[in-house]
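Novice: My questions all concern the structure below.
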Amino acid sequence: MNTLRSIALFLLAALAEIGGAWLVWQGVREQRGPWFVGAGLVALGLYGFVAAFQPDPNFGRILAAYGGIFVAGSLAWGIVVDGFRPDRYDVFGAAICLVGVAVIMYAPRT
């Protein structure tokens, strides 16, 4: 149950951080206005809270593992939202990151 909760929290964190960064990008780079920037800042702030609900008590472990989620999630966001087409190296790199997440977060510890 903790593993499923942890995965759900990682996905929620990715949505908040990547979505927030995208909104800021749209507001600034694509000149879509201050509402996009403001919504992005709110989403980025919410991301900061999500990590605190991870079942593992180690901040460094959570953020290290989230880095791999961020890499894969950013590529997925690009595909779904921006029509980005990753090449095989993007996909392979993201897969390596997700293996790292699994090792960092879910390997049995003594």
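No lab work stands behind these numbers, since they all come straight from the coordinates. Bear in mind the structure is a predicted one, so any value in this text is a computation, not a measurement. Cβ atoms come from the backbone with ideal geometry, glycine included; neighbour counts cover every protein chain shown.
Novice: Please give the net charge around L9, taking every other residue with its beta carbon less than 14 angstrom from that of L9, where Lys and Arg add +1 and Asp and Glu add -1. Walk me through the numbers before you get to the answer.
Specialist: Numbers: positive: R5, R61; negative: E17, D56.
Here the charged neighbours net out to 0.
Novice: Near V71, within a Cβ-to-Cβ distance under 14 Å, what is the net charge of the other residues, with Lys and Arg +1 and Asp and Glu -1? Don't jump to the answer; show the numbers that get you there.
Specialist: Values: positive: none; negative: E17, D90.
My count for the surroundings of V71 gives -2.
Novice: Counting other C-beta atoms within 10 Å, which of T3, T110 has the fewest, and how do the rest follow?
Specialist: T110, T3
Novice: Would you mind giving the three semi-axes, in whole Å and largest first, of the ellipsoid equivalent to the chain according to its Cα gyration tensor? Please report the intermediate quantities before stating the final value.
Specialist: Values: eigenvalues 141, 69, 16 Å².
They are 27, 19, 9 Å, listed from largest to smallest.
Novice: Once phi is turned into ³J(HN,Hα) by the Karplus curve 6.51 cos²θ - 1.76 cosθ + 1.60 with θ = phi - 60°, what whole-Hz value does each residue of the range 47-53 show in order, with x for glycine and proline?
Specialist: 3, x, 7, 4, 4, 5, 9
Novice: Kindly state, to the nearest 0.05, the FRET efficiency for A64 paired with R88, given R0 = 25 Å and r defined as their beta-carbon distance.
Specialist: Computed FRET efficiency for A64 and R88 comes out at 0.45.
Novice: Could you give each residue of the range 93-101 its phi-based ³J(HN,Hα) in whole Hz, using Karplus coefficients 6.51, -1.76, 1.60 with θ = phi - 60°, and x for Gly or Pro?
Specialist: Rounded to whole hertz, the list is x, 5, 5, 4, 4, 5, 5, x, 4.
Novice: Please rank L41, L23, fewest neighbouring Cβ atoms within 10 Å first, as an exposure proxy.
Specialist: L41, L23
Novice: Tell me, L75, L11 in order of fewest to most beta-carbon neighbours within 10 Å?
Specialist: Numbers: L75 18, L11 13.
Going from sparsest to densest Cβ surroundings: L11, L75.
Novice: Next up: So how tilted is helix 59-82 from the main axis of the chain? Cα-based, degrees 0 to 90, rounded to 10.
Specialist: Long axis of 59-82 versus the principal axis of the chain: about 40 degrees.
Novice: Name the long-range amide H neighbours of F84: under 5 Å, sequence gap of 5 or more, or other chain; modelled H, no Pro or chain starts.
Specialist: I79
Novice: Turning to a different aspect of this structure: Taking H as built 1.01 Å from N, whose amide H comes closer than 5 Å to the amide H of Q54, not counting residues under 5 places away?
Specialist: none
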